[in-house]
Amino acid sequence: MVCGSSKNNLPKVSSTPVRLQILVGFLFSFAVLSSYSAVLPEPLTLEYVLQMDVAFHPDIQSATANLQLHYSDQQRVNAVDDFAAQLQARAQLIEPAQSAPDKSRGDHHVSLLLRKQLYDFGRSRAAQAAVSASVESSELILFDVINQHRLVVMTDFFDVLLADLKFIHANEAMSIAYVRLDRARSRNELGQLSDIELSALESRYQQTRLDYAIAQSLQRNTRAQLANVLNRPGDLVSDVAEPKLFFINEKFIEKKRLSVKEYQHQAAKNNPVLRALRAQMNAAERQVQASRANKNPMLGSELAISEYARESASHDKWRASIILDVPLLVGDRVNAQVAKRQAEKRVIQSRLHAAEMNIAQSVLETWQHLETMKISHQHAKAQAEFRDLYLDRSRALYEMEVESDLGDAMVNISEVRIQLAKVKYQIVMAWARLQALIGNKVTFPKEADGVNNN
């Protein structure tokens, strides 16, 4: 009974074998090198960037390293009652007693010691449970870090698309302002336009030039930011493909959206941050138990095989022992350690309570944002239909050589396209954030998820 280990009372948490850790490290390094050597496709698609290996990103590397630290702790704790072998050699000179049959002074010996902890009365069991909970927490944190990274990738990708649309709008506005300014200069030379009216058009044209330069700079800045989040600094893509979003509309929102209470319930149960904090709470409680167990006895075994340079009645060729260590006086060391672990548990408990409130609030805000986006999408569609009709009328008047604001109508169309794209991107991002909050993997919505009716 005393020979049984305490880990037999608990399902053993599997540890990462050393060979597997080496293999994982090799594959991780290979993935990093591959991520730098692969050329980004043109045009770059959102589906492609979401499928890229994320292991190379610094945030994910940090979370992965933290997980590997807990794997190492788990391996160390699980090995606490493994067999330990030790070779002990001692060279010493003695003054033999007069009654000793062997008068030699060299009392050298070498011993092979084999030790094993048999039972620790709850110490290793609590420690194993604590480190297992810490591993679970680190795995959940890694999952959330990857999700947050995917959200950033999607946001930066959409920012590039919006920057391209803004550049098109600025280019059109500048071209039309230049044509008007050129005509105004001719009319001014003929005395048909005053200097102050010409100056107003010149000022308007310079403003469009500034808007054009800003839009051009925004194109480069957003591409640089996307390259950084993909860990490809300086690798700026020229062509970014617009994802198929014709199914993203108010009907998509109505079909996919549950009640806010249902989403908050799912988030409270499945959010990876909350689950990680609960696992940390479990680990803290187990660490309190492990600290208290330091007052408990320890039962171990030892086998010693020895060779001696001189014969003596006290020299054993081999010795097998069962050793019971019972702490009699530990002072305040154990109590102080228990108090420290209990304080750590209270810190985690307060963090968990704050996270529960914050995540419930985030779910509510995201859910309400989707409701607002439904109305925004309807408004953007109405604006687009109006601008299309207005452009048709302006084009017809222009073809009939009647005074027309065709240029303004074209600029307004590009502005509405920016607004409609922005609304659709916000719907996709709100939907993705909601999936992250309830513990699902962040993905790009497919046509089958929505309603094919714009």
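Values quoted throughout were computed directly from the atomic coordinates according to the rules given, and no laboratory measurement underlies them. The structure displayed is predicted, hence computed values, not measured ones. Here the Cβ positions follow ideal geometry from the backbone for every residue, glycine too, while neighbour counts run over all protein chains shown.
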Contour minus Cα-Cα span, residue 95 to residue 75, at 0.36 nm per residue, comes to 2.4 nm
Here the FRET efficiency for residue 84 versus residue 364, based on Cβ atoms and R0 = 41 Å and rounded to 0.05, is 0.15
The orientation-averaged projected area of the Cα convex hull of the stretch 103-212, in nm², is 19.6
Label model pair residue 244, residue 330: point-to-point distance (7 angstrom along the Cα→beta-carbon line) in nm is 6.6
With a Förster distance of 45 angstrom and the Cβ-Cβ distance between residue 251 and residue 179, calculated FRET efficiency to the nearest 0.05 equals 0.60
Rounded to 0.05, the calculated FRET efficiency for the beta carbons of residue 207 and residue 357 at R₀ = 45 Å is 0.45
The whole-number value in µm²/s of the Stokes-Einstein translational diffusion coefficient for the stretch 88-164, with Rh from the Kirkwood sum over alpha carbon pairs at 25 °C and 0.890 mPa s, is 123
